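The next block holds one structure in the form of structure tokens; read it before the comments.
The values are calculated or read from the model by the stated rules, or taken from the named source; none is laboratory data. Worth saying up front: this structure is predicted, and the values here are computed from it rather than measured. Neighbour counts run over all protein chains shown; Cβ positions are idealised from the backbone, glycine included.
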Amino acid sequence: MIRHAAACAALCLLLSACATQPVAFTRPDAQAALPPQPGGVLQDVESGIASGHGPDVSGFHLLDRNEDGLLWRIRLIDAAQHSIDLQYYLWYGDAAGKVLTAHLLAAANRGVRVRMIVDDINTMFSDAATVMQRDSRAAILDAHPNIELRLSNPWRNREIASRVGEMVTDLKRLNTRMHNKSLIVDNRAVIMGGRNVGDDYMGLHPEYNFHDLDVVGFGPVARQASAVFDSFWNCRWVMPVSALGIETTQAERDATRERVQAELAAMPSLQRFPLDWQDPSPSLAELRGTLQYGTSQVYSDLPTDQGLQHEMLEVFYRLVSTAEHELLITNAYVIPGERGIEKMDELSKRGVRIRILTNSLASHDVPAVNSHYKRWRKPLLESGVQLYEIRQDAAIQAEVSDTPPTHAQFMGLHVKALVVDRKRSYIGSMNLDPRSTRINSEMGVVIESPGLAEQLARQMERDMLPENSWNVQMDPDGSLRWVSGNVVLTRQPARSSWQRIEDVFFMLFPAEQY
């Protein structure tokens, strides 16, 4: 992902004069999400919510386990009768990406309209040897009469070797990525949160898997997410794959689909997931008994002709400012800045108990973020925050991170969530760092539901237990220690000496890039 290339981007930033124009192409006519249509199991779910709680209320369910993150994406796609709209930063061509693509194709074959937006930083099918091969596979998917795939902020150069110069001359545009994540089905159900589409987000990666979080919602929340999707679908920064001009034959399309099916059948990591359509009605009926109910508002940074209109940071500050008693924050990447410290200090002085959980160096997939987060540990503690850092060997790894039979070498944190006074929650894609707040586009949902807030708060407190995280404490002399049960460390935990070297090296680059 782009974070791993951030140091190179920072070097380019020092040399470049940046253009801001997107790739030229003929923009299609504006298109809107299909309104909810009668019929189908998702209408039954929404009708039950409306009759019992009112037309403005949605039903919500937290997707804490990676296995559930993939299962419920599959189930909603299988439930689709009319439309599927997907918007993702990363969509890898691994087991998770391929099984979801197979179910999307099955939905399209049933006559469902599928619209997909994927950020072009990686495109799809990342197992392909070259970008041109990836583009060809994307074109094969786009060639289905019921599927349209668009690329957000596309590269002009389709070969990696040609992209270095483009990065230097057009860094400002190319450094701005669409980090949004949503799956909307029949305009009645939506999944939003932190998960991209890839093995490490669904518990299928043998090296490391993230601990992540999504929420599935039924009702008006889906239409709120659709409004965000349409704003990107119709903007000048999103290009149809058809504009690449790649011709495909029916033989190529058939061969690709047969190859993917054969690959899926041979993947042991997918043994707990259906490879073909499966009736989702029993699972949805069971889920209805566990839903929490409340009102919601979906927010996003929005594209304009000039670039992005950043909204999400102010959404964050407005929400945390409502805290009267308690604020719980779990966020993978935290670089709070002076404004963040001032807000925490203000809340603490009002008597608000603040607990924050983030990555430790040992659990980090992006050491460069830790290089710039670590200077804020003491200011956070001095502002009254109780600070926790997830363990790479957390006891919850087998429960929430790994999907059997996969067992990864370590676990990282990717959740972006907060709870205010156990009344309202935020779940989304935004990290608390400059890249999320000033560069990329982000989205998230604020939910007014004491029941959901209580559930999320309990999960966050579970993650802060000693078997799952380090409590960062400061001694009177200003030195830090990391406490987990009876274990006390006097320097930050790390998986290796190389991580510590990286941690020092990335301090040389601008914090604004992370």
Restricting the first residue to segment 342-361 and requiring it to be without any contact (Cβ under 8 Å) to a residue 40 or more places away in the chain and crowded, with 21+ Cβ neighbours inside 10 Å, which pairs with a second residue that is of a type in the set (S, T, N, Q) and outside any strand (DSSP E or B) meet a Cβ separation below 7 Å and a spacing of at least six or different chains? 354/348
Residue list for segment 230-263, restricted to those being small (Gly, Ala, Ser) and in a helix (DSSP H, G or I): 231, 242, 243, 251, 255, 262
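Does residue 216 satisfy the criteria of being assigned by TED's automatic domain parsing to the domain that holds residue 134 and in a helix (DSSP H, G or I)?
So residue 216 fails the test.
Return yes when residue 127 is surrounded by fewer than 21 Cβ atoms within 10 Å (Cβ to Cβ), modelled with pLDDT of 95 or more, within 21 Å of the chain's Cα centre (by Cα) and closer than 28 Å to residue 404 by Cα and no when it is not. Break it down stepwise before answering.
Details: surrounded by fewer than 21 Cβ atoms within 10 Å (Cβ to Cβ): yes; modelled with pLDDT of 95 or more: no; within 21 Å of the chain's Cα centre (by Cα): yes; closer than 28 Å to residue 404 by Cα: yes.
In short, no.
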Taking residue 225 and the conditions (1) under 29 Å from residue 267 (Cβ atoms); (2) in contact with a strand residue (DSSP E or B) (Cβ under 6 Å, 6 or more places away or on another chain), which numbered condition does it fall short on, given that it satisfies the others? (1)
Just to verify a result, which residue in segment 284-301, among those that are surrounded by fewer than 17 Cβ atoms within 10 Å (Cβ to Cβ) and in contact (Cβ under 8 Å) with a residue 24 or more places away in the chain, is nearest to residue 430 (Cα to Cα)? 297
Of all strands (runs of 3 or more DSSP E) completely enclosed by segment 419-514, which ones contain at least 2 residues that are in contact (Cβ under 8 Å) with a residue 40 or more places away in the chain? 424-428, 443-448, 469-474, 480-484
Go through (1) under 14 Å from residue 105 (Cβ atoms); (2) among the aliphatic types (A, V, I, L, M); (3) modelled with pLDDT of 95 or more and name the single condition residue 270 misses. (1)
Name the single residue that is farthest from the chain's Cα centre (by Cα) among those in segment 332-383 being modelled with pLDDT of 95 or more, of a type in the set (Asp, Glu) and closer than 27 Å to residue 504 by Cβ. 382
Within segment 145-190, tally of residues that are over 24 Å from residue 301 (Cβ atoms), touching a residue at least 60 places away in the same chain (Cβ under 8 Å) and surrounded by fewer than 23 Cβ atoms within 10 Å (Cβ to Cβ): 3
Just to check your reading of the model, which residue among 218, 210 is in contact with a strand residue (DSSP E or B) (Cβ under 7 Å, 6 or more places away or on another chain) and under 30 Å from residue 359 (Cβ atoms)? 210
Of all residues making up segment 21-47, the number that are closer than 30 Å to residue 173 by Cα, over 25 Å from the mean Cα position of the chain (by Cα) and of a type in the set (Gly, Ala, Ser): 2
Condition first: among the hydroxyl-bearing types (Ser, Thr, Tyr) and within 23 Å of residue 309 (Cβ to Cβ). Can you find one or more residues in segment 142-156 that meet it? yes
Take segment 321-341 and flag every residue that is polar (S, T, N, Q) and surrounded by fewer than 16 Cβ atoms within 10 Å (Cβ to Cβ). 321, 322
Name every residue in segment 489-514 that is buried (at least 17 other Cβ atoms within 10 Å of the Cβ) and of a type in the set (A, V, I, L, M, F, W, C), in order of residue number. 494, 506, 509, 511
Determine whether segment 77-94 contains at least one residue that is assigned to a strand (DSSP E or B), among the charged types (D, E, K, R) and out of contact with any helix residue (DSSP H, G or I) (no Cβ under 8 Å at 6 or more places or on another chain). no
Kindly list, by first and then second residue, each pair from a residue in segment 88-103 that is within 23 Å of residue 233 (Cα to Cα) to a residue that is aromatic (Phe, Trp, Tyr) and not in a helix (DSSP H, G or I), limited to pairs with Cβ atoms under 7 Å and residues at least 6 apart or on different chains. 93/125; 97/91
Report, ordered by the first and then the second residue, all pairs with beta carbons closer than 6 Å, sequence separation of six or more or different chains, a first member in segment 368-385 that is more than 14 Å from residue 478 (Cβ to Cβ), and a second member that is at pLDDT below 95 and not in a helix (DSSP H, G or I). 368/514; 369/514; 370/364; 372/514
